Ligand code: NDP
């Protein structure tokens, strides 16, 4: 029996890509999962088998009111939330001097402000139950990437946010960690220009893109008691693209 059996997890942006990979891994370990995504049609198509162990919730994580309502629904459906994976994210790339304010704010809102909303919804209850695992998806772009000033700033912000919540809540048996994936084979990376894709491959010793399940296995580690003394950490999952 998996040590995660019957834990309750929320995964944002779980209709596809890395989020869906994490949901699959959790379900395989007996976790009950609430999957959040912005597009109900896509969400329900991907998780049409939703039942006792799996529930889907349409929610725009940039909207604090929606997040509050949906998390209340999740608490009344499952009784508790043990694990929160903040995975929803977008890119709106442009070289900085041509970047619009809309491109800046939309990326900050989805990638960073969303975590303010979701963590506000769970931290008080996790502190009360003296148990919680929060996993925030950052990116290798946190260390800077031309054309991604908005995305890099949001993902570096995730790291500061993660470490601060780790310090504030570690005494309540809550861990807050981040994962910084390199280039992973999902819808997000499919539309990148060919020269950018080739360059990423050349700089990755593994010589290939990562798979969602390779990020999911690290999320599973950080969501379990196998990582009970790991807190405020960022684990890179990038095939050797960047070595700290
Ligand atoms: P995808 O675009 O494949 O999936 C992200 C999901 O999040 C989509 O279903 C998307 O919906 C959803 N989403 C977007 N905005 C919102 C919102 N406001 N509220 C709720 N859900 C939303 O991305 P990946 O799976 O590739 O990425 C997952 C995470 O990993 C992201 O945070 C990303 O930044 C990060 N990451 C990805 C890397 C990669 O190479 N793929 C590398 C490093 C980090 P919709 O499609 O309708 O917008």
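Quick one: Kirkwood hydrodynamic radius for region 89-158, alpha-carbon pairs, angstrom, one decimal? Kindly include the intermediate steps, with their values, before the conclusion.
Numbers: mean 1/r = 0.0768 Å⁻¹.
With all distinct Cα pairs of region 89-158 included, I get 13.0 Å.
Apply the a/c threshold of 1.5 to the C-alpha gyration tensor of region 1-82 and tell me whether it is rounded, prolate or oblate. Show your work: numbers first, answer last.
Details: a/c = 1.87, a/b = 1.25, b/c = 1.49.
It comes out oblate by the Cα gyration axes.
In whole Å, how far is the Cα centre of region 139-188 from that of region 109-128?
14 Å
Quick check: residue separation of residue 125 and residue 5 times 0.36 nm, minus the Cα distance between them. What number comes out in nm?
On the way: separation 120, 0.36 × 120 = 43.20 nm, distance 2.03 nm.
In short, 41.2 nm is gained.
Determine the relative contact order of the chain: mean sequence separation of Cα pairs under 8 Å and six or more apart, normalised by residue count, in whole percent. Present the calculation step by step, with values, prior to reporting the outcome.
On the way: 476 pairs, mean separation 49.2, N = 244.
Relative contact order comes out at 20 percent.
Taking only DSSP H segments of four or more residues, each worth -39500 (n - 2.57), what value at 222 nm results for the chain once the sum is divided by all its residues, to the nearest 500 deg cm²/dmol? Numbers along the way, then the final one.
Numbers: 9 runs with 105 residues, N = 244.
So the helix-based figure for the chain works out to -13500 deg cm²/dmol.
Quote the convex hull volume per residue of region 86-244, based on C-alpha atoms, as a whole number of Å³. Don't jump to the answer; show the numbers that get you there.
Numbers: hull volume 17.6 nm³, N = 159.
Each residue corresponds to 110 Å³ of Cα convex hull volume.
Give the Cα extents of region 70-125 along the principal axes, in whole Å, largest first.
Here the Cα extents, ordered largest to smallest, are 48, 15, 15 Å.
Please list, by residue number, everything in region 137-164 whose backbone N is under 18 Å from a paramagnetic label point 7 Å out along Cα→Cβ of residue 202.
What the label zone holds, given the 18 Å backbone N cut-off, is 145-147.
Can you figure out the FRET efficiency of residue 172 with residue 217, using R₀ = 35 Å and their beta-carbon distance, to the nearest 0.05? Don't skip to the answer; put the middle values down first.
Numbers: r = 27 Å, r/R0 = 0.76.
Plugging the Cβ-Cβ distance into 1/(1 + (r/R0)^6) gives 0.85.
Taking the chain as a Gaussian network, Cα atoms linked when under 10 Å apart, which of 30, 170, 207 shows the biggest mean-square fluctuation?
Between 30, 170, 207, it is 207 that shows the largest mean-square fluctuation.
Quote to one decimal, in nm, the extra length available between residue 41 and residue 228 on full extension: 0.36 nm per residue of separation minus the C-alpha distance between them. Write out the running numbers ahead of the final one.
On the way: separation 187, 0.36 × 187 = 67.32 nm, distance 3.69 nm.
The span from residue 41 to residue 228 would gain 63.6 nm if fully extended.
Throughout, read-outs are computed from the coordinates displayed, never taken from laboratory work. All values derive from a computational prediction rather than experimental measurement. So basically every Cβ, Gly included, is an ideal-geometry build from the backbone, and we count neighbours across all protein chains shown.
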